[in-house]
Amino acid sequence: ISVPDNHFHYHSHPVGPNNNQCCSAIVRSISASIDTVWSIIRRFDNPQAYKNFLKSCHVIVGDGKVVGSLREVHVITGLPAASSIERLEILDDEKKVMSISIVGGDHRLNNYRSVTTLHRTAEDDGGDGDRTVVVESYVVDVPQGNTKEETRVFVDTIVRCNLQSLGQIAEKLDKATSI
Ligand code: A8S
């Protein structure tokens, strides 16, 4: 996949000194325009639109657009978690960069921070090929009693599911609006 823009610096996370953090990145290409994909991602107040593990979300501080806004999400049952409080770190409509950090809640992912960037691909010629590449990277503390590898597999699985669902929704939306 060719990623022409140069937003990779956003994905270099500072990792803590005592070697108890892990990080990873997931890349997915989507057959929809970058604006369509961004219109879904940018809604800090509505992550459950594509994140299937979430059942509710409420913005508790800010308006969901200003940096420092906080949201409280509740997750579906069957996960080793109940809720999460998340802070908006970056929302850049021009560069199409979003970042959130987890600052509280009832779960095992301490000091989680993710950055999501969107990239137009070379094939963005109005055809129906892949037109947007999404890159999501994260860093998180390895929970007590788990290995780095276990943590990476767990979080990668969640992020991969989210980006797959994002792709499906964006592709549908794009088809519907191009008729
Ligand atoms: C995101 C990414 C993640 C969300 C994780 C990793 C989470 O919402 C779920 C299960 C957990 O154990 C932790 O972009 C937490 O949402 C689905 C509650 C934070």
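The dipole here belongs to region 1-158: it is taken about the Cα centre, uses +1 on the Cβ of Lys and Arg and -1 on the Cβ of Asp and Glu, and is about 400 debye.
Look at the alpha carbon pairs under 8 Å that are at least 6 residues apart: their mean separation over the length of region 1-118 gives a relative contact order of 16 percent.
Taking the helices alone, the chain has a mean residue ellipticity at 222 nm of -7500 deg cm²/dmol, built from -39,500 (n - 2.57) per DSSP H run of at least 4 residues and averaged over all its residues. Is the C-alpha gyration tensor of the chain telling us rounded, prolate or oblate? Criteria: a/c under 1.5 is rounded; beyond that, a/b larger than b/c is prolate, otherwise oblate. In terms of gyration-tensor shape, prolate.
Here the 3J(HN,Hα) profile of region 21-34, calculated from phi with Karplus coefficients 6.51, -1.76 and 1.60 at θ = phi - 60°, is 10, 9, 9, 6, 9, 10, 10, 9, 9, 10, 8, 8, 6, 4 Hz, Gly and Pro shown as x.
Full extension of the chain segment joining Glu72 with Val153 gains 26.7 nm, where the gain is 0.36 nm per residue of separation less the Cα-Cα distance. Shape class for region 37-78: oblate, because the ratio a/c of the largest to smallest gyration tensor axis (alpha-carbon atoms, square roots of eigenvalues) is 1.5 or more and b/c is at least a/b. Pairs of Lys residues in the chain are counted when their Cα atoms are under 25 angstrom apart and they lie 8 or more places apart or on different chains; the count is 14. With axes computed from alpha carbons, what is the tilt in degrees of helix 148-177 against the longest principal axis of the chain, rounded to the nearest 10 within 0 to 90? Tilt relative to the chain: about 30 degrees.
For a paramagnetic label modelled at 7 Å from the Cα of Gln168 toward its Cβ, which residues of region 76-95 fall within the zone defined by backbone nitrogen distances under 18 Å? So the set is 76-77. Put in order of Cβ neighbour count within 10 Å, fewest first, the listed residues Phe154, Phe44 become Phe154, Phe44.
Every read-out reported here was derived from the displayed coordinates using simple, explicitly stated rules and does not represent laboratory data. Just so it is clear, the structure is predicted and the values come from calculations on it, not from any experiment. Cβ: placed from backbone, ideal geometry, glycine included. Neighbour counts: every protein chain shown.
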